[in-house]
Amino acid sequence: MESLEDRLAALGFEIVYPELLTMAQQIETYSEAGFIVSIEGSALHTLVFCDTPKTVAILQRRHSMSVNFGNHLRWQPRIRAVPMRCMKEFGKTFNEGAVLDVPAAVAQIRRELRRMEQQERETRRVTVNEERYALPLLAGFLLLLLEALLPEAWTGRRRRTNGAATKEGRS
C-alpha cells in the first residue's frame, strides 16, 4: 500500500521535512505555498510568520482539535484552515497512536484541490512530515513570536532596562 507521502507526491505536492530546514527556510517554504497538508501539530506553528493567503488541510489526530491549536489558526486571517477527519482510529491524547486512513485522506485532499482549482489554477503544494520535527526550535520560535506580536513592549522593555542601568552607572 502506498504511503500518504507517495500519494501526495503523485498529486504534485512537494514533501517537506521542517526539522531539516532553518526557521527562515520554513517561513519561506510555507509563505510560497498556496496549499499545505499536515498532521495537526507543532510543524504548523511557523505559519504565524506567513503573510500570504493559503489553505491548510489539517489531518486531525483526535476527534476534535485542541482549543489552543484552533485559536492559533483563527488568529491568522490569511489562513483558511480545513480540518480533515480521516483517521481509522483517533488518539485519546495528542501523541497517542492515531491511525491514518490514507485513501480517505487522499479523497478529502482531492476534494479540496478541486474546490481550490475552481478559484485558482496555479498554487504551490506542500505537505509536512512531522515525525522527525525538532522541538528545540520552540524557544527561538517563541522569542520571534513575542518580538513580532509585541514589538513596542519588547523594545520598550529593553530601553527601560538599558536606561535604568545607565542611570545607576552614573550615580
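The values are calculated or read from the model by the stated rules, or taken from the named source; none is laboratory data. Everything numeric here is computed off the predicted structure, so don't read it as measured data. With ideal geometry, Cβ positions are generated from the backbone for all residues, glycine too; neighbour counts draw on all protein chains shown. All accessible areas refer to the heavy atoms of the entire protein, side chains included, with ligands and DNA or RNA removed. Shrake-Rupley method; radii C 1.70, N 1.55, O 1.52, S 1.80 Å.
Worth pointing out:
- Stretching the chain fully between Arg62 and Glu2 yields a gain of 19.3 nm (0.36 nm per residue, less the alpha carbon separation).
- For a label point 7 Å along the Cα-to-beta-carbon line of Glu117, residues of region 23-61 with backbone N under 20 Å: 33-38, 54-58
- R0 of 41 Å, Cβ-Cβ distance Ala9-Asp51: FRET efficiency to nearest 0.05: 0.90
- Each label was represented as a point 7 Å from its Cα along the Cα-to-Cβ direction; for Arg74 and Tyr17 these points are 3.6 nm apart.
- Probe 1.4 Å, all protein chains present, accessible-area order of Arg110, Arg61, largest first: Arg110, Arg61
- Rg followed by Dmax, in Å, when region 1-57 is reduced to its Cα trace: 11.6, 37
- Accessible-area rank, largest first, for Lys54, Lys88: Lys88, Lys54, with all protein chains present and a 1.4 angstrom probe.
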